[in-house]
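Below you'll find the structure, written out as structure tokens, and then a few comments.
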Amino acid sequence: MSHHIVEAANIHYSYPDSTAALDGVSFRIGHGESVALVGENGAGKSTLLRHFTGCLFPSSGMLKIDGGVVEKKNLPAVRRAVGMVFQNPDDQLFMPTVFEDVAFGLLNMGVPAAELDGRVMAALQTVGAAHLRSRPPYRLSQGEKRAAAIAGVLAMAPDILVMDEPTSNLDPMSRRRLITLLKTFGHTKIIATHDLDFALETCERTIVIHKGRVTADGPTVEIFNDERLLTASSLEKPMSARAWPQNRLKTS
């Protein structure tokens, strides 16, 4: 896997109680793109994200990561290519120290001890958290936990970074640091978020999901300027976009 491309082709998924969660979702995300997934609660965003790492598989349709179908026999390759940052960092932080948490995935990959310290510290330095290496995760702030969780994913050197509600429970300064950090990453990024102002700052492209379907896919500025579309998708225009002049789309 080397092209960092995600392709969804007519994906359907229903839960065991027959509730339909995804209803014919299709898109293609290219190398290096930063794409926001937005939609109301229950739209299907988190369900879709779980397909990217093979935690769920389509009832019908097909998902490909870098040309390889996401299916059980390909899961090792898929999970090397895709790094997932969960909505709640406590779901990823469970070791006695931050260093051990970041090292956990590398140890499971069989990374030699001689390389381990360097890769862990490089990941922590990338997110500005090297000083946290000996701290127990339960003693961290939400922003520090988020940084440690991201470091754990980055240490695995994924091609594609997937994030579920990354600004959830962050204070304004931690949110700003995360925005600044994400702008430095060259990864293909797929970010599910309710924070449309965050999406506007970090993602050039937005996919709107409503009732399990893709209802819009295009430049973030254009989508967030379409109030009729946003209202139909149970969304509101982001605060930072409400003062846009009428000719914003012509000049941006």
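With the cut-off at 1.5 for a/c, could you classify region 1-134 from its C-alpha gyration tensor as rounded, prolate or oblate? Kindly include the intermediate steps, with their values, before the conclusion.
Details: a/c = 2.14, a/b = 1.80, b/c = 1.19.
Verdict is prolate for region 1-134.
Dipole of region 6-251, Cα-centred, from +1 at each Lys and Arg C-beta and -1 at each Asp and Glu C-beta, to the nearest 20 debye? Don't jump to the answer; show the numbers that get you there.
Details: 27 positive and 27 negative charges, 49 e Å.
Computed about the Cα centre, the dipole is about 240 debye.
Which percentage, to the nearest 5, of the DSSP beta bridges contained in the chain is antiparallel? Mind showing how you got there, number by number?
On the way: 20 of 37 bridges.
Counting DSSP beta bridges with both partners in the chain, the antiparallel share is about 55 percent.
Any chance you could get the radius of gyration and Dmax over the Cα atoms of region 6-251, in Å?
Over region 6-251's Cα set, Rg and Dmax evaluate to 18.4, 58 Å.
Using θ = phi - 60° and the Karplus form 6.51 cos²θ - 1.76 cosθ + 1.60, what ³J(HN,Hα) does each residue of region 169-177 get, whole Hz, x for Gly and Pro?
Result, rounded to whole Hz: 6, 8, 6, x, 5, 5, 4, 5, 4.
Whole Å is fine, so just give me how far the alpha carbon centre of region 138-181 lies from that of region 207-235.
26 Å
Amide H neighbours of residue 135 under 5 Å, counting only residues 5+ apart in sequence or on other chains, H built in-plane at 1.01 Å?
98, 99
Non-local amide H neighbours of residue 24 (under 5 Å, H modeled in plane, Pro and chain starts lacking H): which ones?
11, 12, 13
Can you run phi through the Karplus equation (6.51, -1.76, 1.60; θ = phi - 60°) for region 127-144 and list ³J(HN,Hα) in whole Hz, with x for Gly and Pro?
Result, ordered by residue: 9, x, 10, 4, 6, 9, 4, 9, 7, x, x, 5, 9, 8, 6, 4, x, 5 Hz.
Each reported figure results from applying straightforward, stated rules to the coordinates on display, with no laboratory input. The structure presented is a predicted model; accordingly, all values stated were derived computationally and were not measured. Cβ coordinates were reconstructed from backbone atoms using ideal geometry, including for glycine residues, and neighbour counts include every protein chain displayed.
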